[in-house]
Amino acid sequence: MQPANRIAPRRPWHLFVPKLVSVLRRGYGLGDFRHDVVAGLTVAVVALPLAMALAIASGTTPEKGLHTAIIAGFLVSFLGGSRVQVGGPTAAFIPVVFGIIEKFGYEGLILCTLLAGLMLIGAGLLRLGTLMRYMPQPVIVGFTAGIAVSIFSSQIKDALGLDIARLPAEFLPRWRTYFASFDSFDAATTLLCVLGIVSLVLMRRWRPKWPGFLIVVAVAALVVGLAGMPVDTIATRFGGIPSSLPSFDFPTIPWERSFEMLPASFTIAFLAGVESLLSAVVADGMIGGRHRSNAELVAQGVANCGSALFGGLPATGAIARTATNVRAGARSPIAGILHAAFLLAFMLVAAPLMGYVPLAILASVLLVVAWNMAEIQHVKHLLHGPVGDRVVLVVTFTLTVVADLTVAIEVGVVLAAFLFMHRMSEVVEIESGRKLIEDDVEDNSGPAQPDQRAQLPAGVEAFQISGPLFFAVANRLDDVLDQFAERPQLFILRLRRVPLMDASGAQAVRQFLDRADKLGIKVFFSGLQPQPHKVLMSMNILEHPNLLMLAENFEIAVETAREFLEQLAQRKARA
């Protein structure tokens, strides 16, 4: 049986319509613009120091980070498939960009970024946006935590003021260089970095709404400028920041080395695609919306091509800046466009003052970013999942740190695939030829009763999952709550036909419960099997406040739902 009110399918071209067009079609007023101005200014204040710090940590000059945030930030918001996504340089690219520049030079990075942009455009046009969201959760968390460790490692030189002429790109040789140079440690630089970290942590705890990064950077620059502290600044190392518009200048690109650079280009494309879609999913959860993944990939591809041709760096959707944009009240992609405009204004007006910013304070900013990026609680959460997922997490993390990000992703995905095949071999009874999430049917193997949906109490809907809930299908749970024109008061999710669940499936269940809670829909589970029950229990998902009941079977769930709604109606009548 099909849902009573299924949304009619839209034409394929709709997948690539920018959210900006959709917002303007629905109507955009002065009140919306005021909210977007405030949000855009707020995000620009956060992005200003981050863009410079990320560029320096990547082995380039600070203005390249600003150019990336301006050009890519504008294009991502103008063409993207998310209503509140903010694009620009991110910490995930630091080890990748540093390694590419070390090996191929900046011209090589330009070529890699252009190729990555073309790959992303192709992926979007081929409608691979949904497929990229199927990345196993342990792989994502593993390489994200590994990148955080790499970022931490890259900042030791500027944090301690070590005298190192050339810093290796690889993790282990880099630390050997650090240990050999610790005698050049500078007390003033270290003190400045420590004070920056302490200030950022205290402000995040006691004044979370303040623009901590900008305040710490501005105060440090003022102190260093007035006191004449003998520490490295942007001006002493890079000669300052030019106060001019980014200019289009087609660079000298070693096209003959394209094949050699394909692996690095794929890494940039993969990171940009995955991080942008993850950021869009996070934004969806915050605003209750739905992004267009394929339009987002095309926008990311165009943004990377544009950034490269204006002398910038690889770019993607920035999760932290996107979240800041939402919290600041953004209503549309115009907030992201204004963020780019404000950054350009800051660069034109305040470029001479930025030369006083000490590199130690930018190092403190990135050390705090690395700590937040590591998501220690998320890592701990996954380490309570099944043993196989823990192995994938640890292997991906280790390879990201000591080897290469591309290798880490490839090995992590292959391990996850083999793990899945091993799990499938242990499942004795698997139905074939059935949709993963289908309309409510009987728990037995007989045909569905044609009037079953009509037997549900008013305000109650029920769907059944058939088959293993693992990383390749977990995201389809997102679509269930969009099947109804009128939201139900209570939702019964039938799980008797789910013999197996992994950490990604459990995370999808958690996100389903979170989204239902935001929509005001209560949830019952019925027929939960032992293995999924064990996984959900170990990951504390069964303690979710929006999960009201674990029913032994569907009949009990329906009867309890009827009683629940009757009691709710009585309380409303008395009120």
- Determine whether the stretch 298-316 contains at least one residue that is polar (S, T, N, Q) and modelled with pLDDT under 90. no
- Considering (1) surrounded by fewer than 18 Cβ atoms within 10 Å (Cβ to Cβ); (2) under 25 Å from MET421 (Cβ atoms); (3) at pLDDT 90 or above, say which one VAL509 fails and leave the rest. (1)
- Task: Would you mind stating whether ILE241 is under 27 Å from PHE342 (Cβ atoms), at pLDDT 85 or above, surrounded by 14 or more Cβ atoms within 10 Å (Cβ to Cβ) and in the same structural domain as LYS103 (by TED's automatic domain parsing)?
- Result: no
- Task: Hey, could you check the stretch 377-386 for residues that are assigned to a helix (DSSP H, G or I) and touching a residue at least 24 places away in the same chain (Cβ under 8 Å) and say which is surrounded by the most Cβ atoms within 10 Å (Cβ to Cβ)?
- Result: LEU382
- Query: ASP389 passes all but one of (1) within 30 Å of LEU191 (Cβ to Cβ); (2) buried (at least 20 other Cβ atoms within 10 Å of the Cβ); (3) among the charged types (D, E, K, R); which number fails?
  - Reply: (1)
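In this structure, is VAL198 without any contact (Cβ under 8 Å) to a residue 24 or more places away in the chain, under 29 Å from the mean Cα position of the chain (by Cα) and surrounded by fewer than 17 Cβ atoms within 10 Å (Cβ to Cβ)?
Values: without any contact (Cβ under 8 Å) to a residue 24 or more places away in the chain: yes; under 29 Å from the mean Cα position of the chain (by Cα): yes; surrounded by fewer than 17 Cβ atoms within 10 Å (Cβ to Cβ): yes.
For VAL198, the condition - without any contact (Cβ under 8 Å) to a residue 24 or more places away in the chain, under 29 Å from the mean Cα position of the chain (by Cα) and surrounded by fewer than 17 Cβ atoms within 10 Å (Cβ to Cβ) - is met.
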- Item | Meets criteria (farther than 30 Å from PRO18 by Cβ, without any contact (Cβ under 8 Å) to a residue 12 or more places away in the chain, of a type in the set (A, V, I, L, M) and not in a loop (DSSP other than H, G, I, E, B)) for ALA180 | yes
- Six or more apart or on different chains, Cβ under 6 Å: which pairs go from a residue in the stretch 535-546 that's touching a residue at least 60 places away in the same chain (Cβ under 8 Å) to one that's in a helix (DSSP H, G or I)? Could you list them? VAL535/ALA506; MET539/ALA506
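Would you be able to say whether some residue in the stretch 184-191 is buried (at least 20 other Cβ atoms within 10 Å of the Cβ), part of a helix (DSSP H, G or I) and in contact with a helix residue (DSSP H, G or I) (Cβ under 9 Å, 6 or more places away or on another chain)? Explain how you work it out, then say what you get.
Here is the first cut: in the stretch 184-191, the residues buried (at least 20 other Cβ atoms within 10 Å of the Cβ) are 189.
Next cut, part of a helix (DSSP H, G or I) only: 189.
From the residues that got through so far, the ones that are in contact with a helix residue (DSSP H, G or I) (Cβ under 9 Å, 6 or more places away or on another chain) too are 189.
Yes, the stretch 184-191 contains a residue that is buried (at least 20 other Cβ atoms within 10 Å of the Cβ), part of a helix (DSSP H, G or I) and in contact with a helix residue (DSSP H, G or I) (Cβ under 9 Å, 6 or more places away or on another chain).
One line per residue, one yes/no per condition, for (1) more than 20 Å from LEU15 (Cα to Cα); (2) assigned to a helix (DSSP H, G or I); (3) out of contact with any helix residue (DSSP H, G or I) (no Cβ under 7 Å at 6 or more places or on another chain):
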| residue | (1), (2), (3) |
| --- | --- |
| ALA283 | no, yes, no |
| GLN300 | no, yes, no |
| LEU313 | yes, no, no |
| ILE337 | yes, yes, no |
| PHE342 | yes, yes, no |
| PRO352 | yes, yes, yes |
- Task: Could you check how many residues of the stretch 458-488 are surrounded by fewer than 17 Cβ atoms within 10 Å (Cβ to Cβ) and in a loop (DSSP other than H, G, I, E, B)?
- Result: 6
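Hey, does the stretch 97-116 have a residue that's in the same structural domain as LEU41 (by TED's automatic domain parsing), under 30 Å from GLN507 (Cα atoms), within 17 Å of the chain's Cα centre (by Cα) and buried (at least 24 other Cβ atoms within 10 Å of the Cβ)?
Looking only at the stretch 97-116, we keep the residues that are in the same structural domain as LEU41 (by TED's automatic domain parsing), and these are 97-116.
Pick out the ones that are also under 30 Å from GLN507 (Cα atoms) and you get 116.
Applying the additional criterion that residues be within 17 Å of the chain's Cα centre (by Cα) yields none.
No; the residues of the stretch 97-116 include none that is in the same structural domain as LEU41 (by TED's automatic domain parsing), under 30 Å from GLN507 (Cα atoms), within 17 Å of the chain's Cα centre (by Cα) and buried (at least 24 other Cβ atoms within 10 Å of the Cβ).
Taking only the stretch 257-297 into account, find how many residues are polar (S, T, N, Q) and either surrounded by fewer than 16 Cβ atoms within 10 Å (Cβ to Cβ) or closer than 22 Å to LYS518 by Cβ (or both). Reasoning before the result, please.
Our first condition is that a residue be polar (S, T, N, Q); within the stretch 257-297, this holds for 258, 265, 267, 276, 279, 293-294.
If we keep only those that are either surrounded by fewer than 16 Cβ atoms within 10 Å (Cβ to Cβ) or closer than 22 Å to LYS518 by Cβ (or both) as well, we get 258, 279, 293.
Going through the stretch 257-297 one residue at a time, the tally reaches 3.
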- Note on the structure: Counting only residues that are buried (at least 17 other Cβ atoms within 10 Å of the Cβ) and either assigned to a helix (DSSP H, G or I) or at pLDDT below 90 (or both), the stretch 549-572 contains a total of 7
- Has the stretch 279-288 got any residue that is at pLDDT below 85, within 28 Å of the chain's Cα centre (by Cα) and at positive phi? yes
- Query: Name the residues in the stretch 358-376 that are surrounded by fewer than 24 Cβ atoms within 10 Å (Cβ to Cβ), of a type in the set (A, V, I, L, M) and touching a Ser or Thr at 6+ places or on another chain (Cβ under 9 Å), would you?
  - Reply: ALA370, MET373, ALA374
- Message: From the list ARG327, ARG390, ARG331, exactly one residue is among the basic types (Lys, Arg), more than 30 Å from THR236 (Cα to Cα) and not assigned by TED's automatic domain parsing to the domain that holds ILE197. Which is it?
- Response: ARG390
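The values are calculated or read from the model by the stated rules, or taken from the named source; none is laboratory data. In this text the structure is predicted, and so the values were computed from the model without any measurement. Neighbour counts are summed over all protein chains in view; Cβ atoms, including those assigned to glycine, are modelled from backbone coordinates with ideal geometry.
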